[in-house]
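The values are calculated or read from the model by the stated rules, or taken from the named source; none is laboratory data. Predicted, not measured: the structure shown is a model, and the values here were computed from it. Cβ: placed from backbone, ideal geometry, glycine included. Neighbour counts: every protein chain shown. For accessibility, only protein heavy atoms count, side chains too; no ligands or nucleic acids. Shrake-Rupley method; radii C 1.70, N 1.55, O 1.52, S 1.80 Å.
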Amino acid sequence: MFRRILIANRGEIAQRIIRACRELGIETVAVYSEADADALYLSQADETICIGPAASAGSYLNIPAIISAAEVADVEAIHPGYGFLSENAHFAEVCRSCKIHFIGPDPETIAALGQKDNAKQMARDAGCPVVPGSPGSVDTESEAVKIAAEIGYPVIIKAAFGGGGRGMRVARNEPSLINGYHAARSEAKNAFGNATVYVEKFVENPRHVEVQILGDMHGNVVHLGERDCTVQRRHQKLIEESPSPMIDEDTRQRMGEAAVRLIKHAKYHNAGTVEFLLDKNGDFYFIEVNARIQVEHTVTEMVTGIDLIREQIRLAAGEELGYTQADIKFNGHCIECRLNAEDPRKDFQPSPGLVETFVPPGGPGVRVDSHCYSGYRIPPTYDSMIGKILVHRPTREMAIQTMQRALGETVVVGPKTTIPISRAILDHPDFRQAVHDTGFMERYFGNSAALAGLR
Ligand code: ADP
């Protein structure tokens with residue numbers, strides 16, 4: 001096992017990793033930008049190192065600065081968290097060449113899965129159902145037109161190196177395809193430095209269900225069930241839950257097995273997520289693998305009792321899983337609401353600045369992962385998520401009740417937050433009956449009139 005780990009991240013995930021390390025008896029080195037000098041996670045680490053200015057390019061994405069911090073602090077491993085360098089194959093490669101363990105899959109695996117059209121081909125090869133579409137990248141407008149005519153409209157044009165819901169365009173006819181093709185390419189080029197796109201069938205009103213995977217370096221793979229992340233706004237997840245209220249036991253089992261087949265085929269080790277879309281008929285299709293820990297990993301921790309960060313660290317150190325699929329037991333229902341410093345009444349615009357008072361919820365069945373505190377100043381530079389509120393109860397209905405209670409007692413004075421929208425979602429009959437799909441937010445909360453009426 002490692003003696004000392006550097007955490008190449010910030011905020012709640014840095015704190016989450018420090019907590020896992022503490023319990024494992026591992027020393028932690030936290031890095032920070034000048035904008036994060038007052039961050040809570042710094043007081044919880046054994047050592048802290050400033051790696052650069054506020055802008056991520058100079059700090060949390062600055063590979064030479066992070067590697068020199070790791071060398072100066074003499075760590076054996078780096079945990080990249082999520083976002084930033086977590087799915088950067090080059091960074092994983094640099095760690096390897098510096099003889100520092102990267103807590104995640106191999107650089108080759110990250111690179112292979114990070115190109116989404118390539119990941120889709122791997123899924124096909126592993127016998128995993130995929131959304132019908134172009135066999136690989138689509139490099140000309142005329143090719144896009146031809147493929148779209150073959151698979152039939154509507155189609156979606158997606159950035160091969162995309163993430164975070166960017167670089168995607170839906171087209172319902174040829175003129176919008178031509179526009180969308182060029183728009184997606186230029187957005188992809190700007191956001192990801194690579195304009196490559198591919199085209200696939202747009203699944204109407206899908207549900208988003210993903211499977212958590214753990215694999216060791218000895219060929220053992222298990223899945224830890226699914227998370228339902230259907231509540232999304234502009235492809236960004238807002239609420240996650242497990243188990244999915246949308247699938248039956250048979251689908252659950254087939255989805256889990258399909259995910260395991262792909263992960264074994266990819267020779268993937270460490271934690272990862274296989275994402276699927278579920279259509280109205282209950283058929284599921286692979287869309288992508290996230291080769292890292294995800295924000296919503298916490299939901300799976302609650303229902304399985306498995307500490308995913310601890311497992312990541314253990315597996316990166318070369319330990320065996322030590323359990324099989326049959327050992328994994330699922331218990332109760334978990335719902336997570338992301339707590340974002342955004343103003344839902346003003347088109348979700350970021351609302352950074354001083355948090356005068358922060359009182360997190362508590363009581364039975366409540367977990368809060370947050371780096372927020374009274375007196376914390378949320379920097380405008382980074383993601384607006386300031387925490388995650390989770391509830392774990394015996395049934396979905398009870399989980400919804402507990403979440404309403406928990407959101408009701410949460411106090412954030414200063415910035416606006418997404419609490420009012422989370423409460424409205426939980427009250428909505430479609431959510432309650434679990435008949436919602438990824439169009440839910442747009443349909444019911446897509447215009448300013450609906451948002452202005454939030455409590
Ligand atoms: P990213 O890596 O940017 O998050 P994903 O491929 O995971 O991109 O897709 C994000 C979301 O976009 C999905 O959860 C879904 O809501 C929507 N989406 C992606 N592909 C399709 C598709 N073929 N049909 C319908 N919706 C899609």
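Treating each Cα of segment 157-252 as one equal point scatterer and applying the Debye formula with no solvent, the log10 of I(q)/I(0) at q = 0.16 Å⁻¹ comes out as -0.85. Three semi-axes describe the equivalent ellipsoid of segment 103-219; taken as square roots of 5 times the Cα gyration tensor eigenvalues and ordered largest first, they are 26, 16, 13 Å. With a simple spin-label model that places each label point 7 Å from the Cα along the Cα-to-Cβ direction, the separation between residue 178 and residue 99 comes to 6.0 nm.
Scaling against 2.2 N^0.38 Å puts the C-alpha radius of gyration of segment 307-455 at 1.21. Most tightly packed first, judged by the mean number of other beta-carbon atoms within 10 Å of their residues, the peptides 163-174, 280-291 read 280-291, 163-174.
Can you pull the Kirkwood radius for the chain, inverse mean 1/r over Cα pairs, to one decimal in Å?
Over the chain, the inverse of the mean reciprocal pair distance is 22.6 Å.
Near the amide H of residue 225, within less than 5 Å, lie the amide hydrogens of 212, all on another chain or at least 5 residues away, with H placed in the peptide plane.
Counted by Cβ distance under 11 Å from residue 365, the other residues give a net charge of +3, where Lys and Arg count +1 and Asp and Glu count -1.
The value of relative contact order for the chain, using C-alpha pairs under 8 Å at least six residues apart, is 14 percent. Taking every C-alpha pair closer than 8 Å and separated by at least 6 residues, the mean separation divided by the residue count of segment 207-452 gives a relative contact order of 21 percent.
Between the residues 454, 298, 8, the greatest Cα displacement towards the positive end of the dipole of the chain, with unit charges on the Cβ of Lys, Arg, Asp and Glu, is found for 454. Over all other residues within a Cβ to Cβ distance under 11 Å of residue 297, the charged ones net out to -4, with Lys and Arg as +1 and Asp and Glu as -1. Spacing of the modelled spin labels on residue 428 and residue 254, each 7 Å from Cα toward Cβ, amounts to 2.8 nm. Remark: segment 114-121, residue by residue, has Karplus-estimated 3J(HN,Hα) of x, 8, 5, 5, 5, 4, 5, 5 Hz, where x stands for each Gly or Pro and the curve is 6.51 cos²θ - 1.76 cosθ + 1.60 at θ = phi - 60°. Highest mean packing first, where packing is the average number of other Cβ atoms within 10 Å per residue, the peptides 6-14, 446-454 line up as 6-14, 446-454.
Across the cross-link table entries 158/267; 280/388; 201/280, which are compared at the Cα atoms, the separations over 23 Å belong to 158/267; 280/388.
Net charge in the neighbourhood of residue 154 (other residues with Cβ under 11 Å of its Cβ; Lys, Arg +1, Asp, Glu -1) is +1. Here segment 384-414 is scanned for amide nitrogen atoms under 13 Å from the site 7 Å beyond the Cα of residue 374 along Cα-to-Cβ, giving 411-414.
Counting only protein chain heavy atoms and rolling a 1.4 Å probe, the accessible areas of 403, 246 rank, largest first, as 246, 403. From the largest down, segment 4-103 spans 31, 30, 23 angstrom on the principal axes of its Cα atoms. For segment 132-201, the normalised intensity computed at q = 0.12, 0.23, 0.26 Å⁻¹ comes to -0.23, -0.87, -1.11 (log10 of I(q)/I(0), Debye sum over alpha carbons, equal scatterers, no solvent). Each 5 Å bin, from zero up to the one with the longest distance, holds this percent of the alpha carbon pairs of segment 207-452: 1, 6, 14, 17, 18, 17, 13, 8, 5, 1, 0, 0. Here r is the Cβ-Cβ distance between residue 280 and residue 140 and R0 is 45 Å; the resulting FRET efficiency, rounded to 0.05, is 0.85.
The length gained by stretching the chain between residue 194 and residue 383 to full extension, at 0.36 nm per residue less their Cα-Cα distance, is 65.8 nm.
When the alpha carbon gyration tensor of segment 176-306 is reduced to an equivalent ellipsoid, the three semi-axes, largest first, read 27, 19, 15 Å.
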